[in-house]
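The values are calculated or read from the model by the stated rules, or taken from the named source; none is laboratory data. Keep in mind that this is a model prediction, so the values were computed, not measured. Here the Cβ is made from the backbone with ideal geometry for all residues, glycine too, and neighbour counts use every protein chain on show. Side chains are part of the model used for accessible areas, which takes the heavy atoms of the whole protein and leaves out ligands, DNA and RNA. Shrake-Rupley method; radii C 1.70, N 1.55, O 1.52, S 1.80 Å.
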Amino acid sequence: SVGAAGADLAFAHDFVSGSRQIVSFPAGNPSVMAVVGPQMDLFTGMAFNPDASVLWATNITSQTLGTLSQATGGFTPVTPLQAPCCISAFTIDPVRGTFYVSKGDNLVYELNPTTGATILVALGAFANAQITALAMDCGGRLFAADGVDQGSIYRVRFDANPTLVGTTGISRPTSLAFDNSNGI
């Protein structure tokens with residue numbers, strides 16, 4: 001599942017259980033998951049804008065950036081993602097509202113939500129990594145998960161090389177998120 005936390009609810013794209021659907025649950029307690037609605041497309045990231053009123057998603061099926069309804073799980077495309085293909089991770093700065101993505105490599109790009117264009121802004125992980133998840137906390141710290149190396153987590157630095165934080169042991173992590181109310 002690909003998750004994003006906003007307000008007091010987290011949202012995820014559940015495609016592991018055999019049903020493709022958008023679900024919600026209280027932040028930090030996925031055991032009480034509720035189905036929001038069906039969703040056949042696949043997303044490589046979901047994140048809220050700074051005031052948690054809009055849930056954005058990168059849709060790998062249609063290669064678009066758009067919004068997800070928190071009431072129905074429906075996806076509304078906003079802009080096509082510009083080549084080269086394909087977005088593998090997505091997050092939004094919870095304070096400034098800047099969109100960040102990765103493209104299946106070890107680099108981090110800023111994504112323009114109006115045009116779908118990207119600009120390289122940082123080295124997000126060591127060589128040969130494939131970033132599969134991104135998350136930024138309210139302090140402006142950006143983290144990346146490597147989908148190749150047993151879920152290594154890196155602290156992305158915009159002015160220096162990334163720092164290895166640790167390894168989760170999870171193969172191909174698909175989501176990272178912070179609870180913006182407490183920083184966890």
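Taking the Cα of R96, stepping 7 Å toward and past its beta carbon, and measuring to each backbone N in region 155-184: which are under 19 Å? Only 155-163, 178, 180 fall inside the zone, counting backbone N under 19 Å.
If you check each cysteine of the chain for another cysteine whose beta-carbon is under 4.7 Å away, which ones come up empty? Lone cysteines by the Cβ rule: C138.
About its Cα centre, the dipole of the chain is roughly 160 debye, where the only charges are +1 on Lys and Arg Cβ and -1 on Asp and Glu Cβ.
Count the net charge of all other residues whose Cβ sits under 15 Å from the Cβ of Q21, scoring Lys and Arg as +1 and Asp and Glu as -1. With Lys, Arg at +1 and Asp, Glu at -1, the net is -1. Here region 142-184 exposes an accessible surface that is 51 percent carbon and sulfur, computed with a 1.4 Å probe and the other protein chains kept in place. Within the accessible area of region 22-92, what % is carbon and sulfur when the probe is 1.4 Å and the other protein chains stay in place? Roughly 63 percent of what the probe reaches on region 22-92 is carbon or sulfur. Averaging the sequence gap over all C-alpha pairs within less than 8 Å and six or more residues apart, then dividing by the number of residues, gives the chain a relative contact order of 15 percent.
Model label sites at I170 and T76, defined 7 Å from Cα along the beta-carbon direction, differ in position by 3.1 nm. Ordered by solvent-accessible area of protein heavy atoms (1.4 Å probe), largest first, the residues S171, S24 come out as S171, S24.
Site pair A34 and Q63 shows an inter-label distance of 3.8 nm when each label is modelled 7 Å from Cα along Cα→Cβ. Only one of (i) 69; (ii) 44; (iii) 59 was calculated from the structure for percent of Cα pairs over 21 Å apart, and its label is (ii).
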